[in-house]
4 protein chains.
Amino acid sequence: MAIAQVTIVPIGTDSTSLSGYVAEMYRVLEHAEPSIRFELTAMSTIIEGELEHIFRVVRLLHETPFEQGALRVSTTLTIDDRRDKQGSIKQKLESVAKRLQKEMES
Amino acid sequence: MAIAQVTIVPIGTDSTSLSGYVAEMYRVLEHAEPSIRFELTAMSTIIEGELEHIFRVVRLLHETPFEQGALRVSTTLTIDDRRDKQGSIKQKLESVAKRLQKEMES
Amino acid sequence: MAIAQVTIVPIGTDSTSLSGYVAEMYRVLEHAEPSIRFELTAMSTIIEGELEHIFRVVRLLHETPFEQGALRVSTTLTIDDRRDKQGSIKQKLESVAKRLQKEMES
Amino acid sequence: MAIAQVTIVPIGTDSTSLSGYVAEMYRVLEHAEPSIRFELTAMSTIIEGELEHIFRVVRLLHETPFEQGALRVSTTLTIDDRRDKQGSIKQKLESVAKRLQKEMES
């Protein structure tokens, strides 16, 4: 399992608002791959799942602004893939929290 | 005000775990600029604040892995800066939520 | 056709040098997809080709550091996909050069 | 010295062409910091220089689309900072070339 972060931006649309595009991606994410988990942040969408599923979903997400009329799309994907340990959104945040707590106690 | 997303990765450290580095960045963020707001996600740190403060904080964060012994650091920063409207982490997420709700109702 | 930029970084390897990993990716790129064009820069690899081919190649490239012993890999991909016009590495650089020349003449 | 890669994209402009914005950034780069070196690629601008100079230049570049009328700008910066060795654009590309040659000969 890997964790990814994806940001998809349409270029040359006449509005500075992107929320309509992000909402559409959210709907695609809800129906695309039951096996992935995802969460929206203010800057990107975080996806947890098998590498193949992440790539498939990103491929779909990249297409959504075009379906809404955009003619140019910039997609940025970062994948964090760790194979010595089962990585997950939850585990990564807990690791940092544990570190912080340990140091506060010492 | 702008919103940014930053990921800082030490290269050539012998452990695959990065939580010690992320915890240290968290402590720097807590003390660096009272005027910024920040939140940790599983893939990056999101920072909200004045552009100058964001740059200053990222400059500090970039230094922390070196202070912990790293000899090479890769820092990725994305800034979303909107000047026709007061943008914030909260506002961006609410815009998407409103869109989703409106479409569910219609 | 789209243009992409990809950077692949192994995490937790004991050396700060990444040139061995980049050289291996170069060899994979040479044999992976005859239909893509690519070039190495100091910060990333730029790939030009059909979207499906780009995704397939990035999937392969992401695997190479693992095959060389890495246990954690961070891959960052940016895709610039323009559908109102045939985009290419050459065309993008020429557009900027033309602009600069026009302004110098005026 | 560090090496950086920066991509600056205006959002909500009515044209899909970005070459006018890139040309303007090029002019800013030519006059901003005599101490930095830079080169344009099809996907980003690569900058080599002292960390402080890189941050200063990126700060300036981020402003240029606003000066040309954009109301929202997305800036992505990646810094590769290596302190065990003098890194440069030239040195990084030569390291990879040497590796490839060595393996071809063996």
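When B:S15 is represented by a point 7 angstrom out along its Cα-to-C-beta vector, the spacings to that point in the other copies are 2.3, 4.8, 5.2 nm, nearest first.
Normalising by residue count, segment A:47-86 has a Cα convex hull of 58 Å³ per residue.
Cα centroids of segment B:74-96 and segment A:19-60: 19 Å apart. Placing a label point 7 Å from Cα along the Cα-to-Cβ axis, C:E67 is separated from the same position in the other copies by 3.4, 4.1, 4.7 nm, shortest listed first. Rounded to the nearest Hz, the phi-derived 3J(HN,Hα) couplings of segment D:75-91 under the Karplus curve 6.51 cos²θ - 1.76 cosθ + 1.60 (θ = phi - 60°) are 10, 10, 10, 10, 10, 10, 10, 10, 10, 8, 6, 6, x, 8, 4, 4, 4, where x marks glycine and proline. Among residues of chain B, the one whose Cβ lies closest to the rotation axis carrying chain B onto chain A, together with that distance rounded to whole Å, is B:T41, 3.
Which residue, C:T16, C:T78, C:T64, tops the fluctuation ranking in a GNM of chain C built on C-alpha contacts under 10 Å? The residue that fluctuates most here is C:T16. Axis angle, to the nearest 10 degrees, between helix A:19-32 and the longest C-alpha principal axis of chain A: 70 degrees.
Here, chain A has an Rg and a Dmax of 16.2, 56 Å when only alpha carbons are counted. Per-residue ellipticity at 222 nm computed for chain A from its helices equals -15000 deg cm²/dmol, with DSSP H segments shorter than 4 residues left out and the rest contributing -39,500 (n - 2.57). Note on chain D: with charges restricted to the Cβ of Lys and Arg (+1) and Asp and Glu (-1), its dipole about the Cα centre is near 300 debye. Comparing mean-square fluctuations of A:S44, A:S15, A:S74 from a GNM of chain A with C-alpha springs under 10 Å, the top value falls on A:S15. Proximity of backbone amide H atoms, modeled 1.01 Å from N, is registered between A:M43 and no other residue at under 5 Å, excluding neighbours fewer than 5 places apart on the same chain. Across all C-alpha atoms in the protein assembly as shown, the radius of gyration and Dmax reach 20.6, 67 Å.
Between the amide H of C:A2 and those of C:G49, C:E50, C:L51, distances stay under 5 Å, these residues lying 5 or more places away or on another chain, with hydrogens modeled in the peptide plane. For the residue pairs A:K85/D:K90; A:K85/B:K90; C:K98/D:K85; A:K98/B:K92; C:K92/D:K92; A:K92/B:K85, alpha carbon separations beyond 27 Å are given by A:K85/D:K90; A:K85/B:K90; C:K98/D:K85; A:K98/B:K92; A:K92/B:K85. Across identical copies of the chain, A:H31 has label-point separations of 4.2, 5.1, 5.2 nm, listed in ascending order, with the point defined 7 angstrom from Cα along Cα→Cβ. In the elastic network of chain A, a GNM with C-alpha springs shorter than 10 Å, the most mobile of A:A42, A:A70, A:A32 is A:A42.
Since only A:T64, A:G20, A:T45 are under comparison, the one whose Cα sits farthest along the positive direction of the charge dipole of segment A:1-94, derived from C-beta charges on Lys, Arg, Asp and Glu, is A:T45.
Rule-based calculations on the coordinates, nothing more; no lab input. Everything quoted here is computed from the prediction, not taken from an experiment. Counting neighbours? That spans all protein chains shown, and the Cβs are built from the backbone with ideal geometry, glycine included.
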